[in-house]
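Everything on this sheet refers to the single structure shown next.
Please treat every number below as a calculation from the coordinates, not as lab data. In this text the structure is predicted, and so the values were computed from the model without any measurement. Glycine also receives a Cβ, built like all others from the backbone with ideal geometry; neighbour counts cover every protein chain displayed.
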Amino acid sequence: MILGSFFEPVKSISPDGVRTIIKEKSAEEYCLLDVRQPGEYAQGHIPGAKMIPLGELQARLPEMTSQRFTVVYCRSGNRSRSAVGILNGAGFDEAYNMEGGMLAYNGLVAVGPPEAGVFCFPQSLEPEQLAAMAWYIEDGSQKYYQQMKAMTRIQNEGDLFAELLTYKRAHKDDLFNLYKKMSGQLEVKDFPSKVLPGPPANVMAGCVNVDDAVNWSKDREISEVLDLMMSLEANTFDLYLKLGRKVKSQQARSVFLALSEKEKHHIETLASAFEKTI
């Protein structure tokens, strides 16, 4: 099946086209499918991509939605070309092979295994608890940005960090309001500790320890700090996409997907600042 499908003509899309889709479309309008192996995925993948190794694709077709615009990629475009052939044979008319694979893609990537951050967001948590855990993560990111803003050697970036701090406070408000809607409580005290006691200690975006991130950043150039921040926000973008697609609560789903869109904007803000430092 795989060998035969490799020689069939398939639709393709350029890496530039993929970047445009990610920037301009909402997460529910497309699917990114990574058909590499778990180790390859862990080294770097496009945020929000679902990983199904090529050898498992045929058996796992029920996990896919045939009506969704689907971009398939691998390392160089060979495995993904074959994968698109398999999808076409299963009735996926809007499946496209990303030309050149990750070797040709120079956009933002997220790192970590397919379920990066799973210790922060275990699948056993209820939607209300997921909102509380996400609040902890956003709070950790806020603490990191506050300390970065206070560092005298990067005072020139003060406006950037002030903007990011505003974003993080807004995210926390969104998650708090989500909890109130799901719980039906207008007056809520002791959030999020009452909902989820004993959270991971002092974690931020990407499930990185805040103190570790601060200590790492102290002696780094601003370009390195911004590069780290883009990577962390990319992982958070990736995580919110996955949560939005998995959670059963429609309220939670809409909030997580909305947060993923906001994270995408944050990454663009950081990228613009980064460009000025190189």
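The phi-based Karplus calculation (6.51 cos²θ - 1.76 cosθ + 1.60; θ = phi - 60°) puts the 3J(HN,Hα) values of the stretch 26-34 at 6, 4, 7, 8, 8, 10, 9, 10, 9 Hz, whole numbers, x for Gly and Pro.
Structure remark: mean-square fluctuation, Gaussian network model of the chain, C-alpha springs under 10 Å; the largest value among Gly100, Gly48, Gly244 belongs to Gly100. The 3J(HN,Hα) values that the Karplus relation (6.51, -1.76, 1.60; θ = phi - 60°) gives for the stretch 239-256 are, in residue order, 5, 5, 4, 5, 5, x, 7, 9, 5, 7, 5, 5, 4, 5, 4, 5, 5, 5 Hz. Gly and Pro appear as x.
Listed from fewest to most Cβ neighbours within 10 Å, the set Glu187, Glu275 follows the order Glu187, Glu275. Summarising the label geometry, the points placed 7 Å from Cα in the beta-carbon direction at Asp16 and Trp216 lie 3.3 nm from one another.
Derived from the Cα gyration tensor, the three semi-axes of the equivalent ellipsoid of the chain are 34, 24, 15 Å, largest first. Taking the square roots of five times each eigenvalue of the Cα gyration tensor of the stretch 2-104, the equivalent ellipsoid has semi-axes of 18, 15, 14 Å, listed largest first.
The fewest-to-most ranking of His265, His45 by surrounding Cβ atoms within 10 Å reads His265, His45.
Put in line by how crowded their Cβ is, counting other Cβ atoms within 10 Å and starting with the fewest, Thr236, Thr277 read Thr277, Thr236. Taking the Cα centre of the stretch 2-104 as reference, the dipole from Cβ charges on Lys and Arg (+1) and Asp and Glu (-1) amounts to some 180 debye.
Charges only on Cβ, +1 for Lys and Arg, -1 for Asp and Glu: so what's the dipole of the chain about the Cα centre, in debye to the nearest 20?
Numbers: 31 positive and 36 negative charges, 83 e Å.
The dipole of the chain has a size of about 400 debye.
Only the Cβ atoms of Lys and Arg (+1) and of Asp and Glu (-1) were treated as charged; on that basis the dipole of the stretch 127-275 about its Cα centre amounts to roughly 740 debye.
Beta bridges per DSSP, both residues in the chain: antiparallel share near 20 percent.
Where in the chain lies the longest segment free of chymotrypsin sites (Phe, Trp or Tyr not before Pro) that are both loop residues by DSSP (not H, G, I, E, B) and have at most 14 other Cβ atoms within 10 Å?
The longest such stretch corresponds to 120-278.
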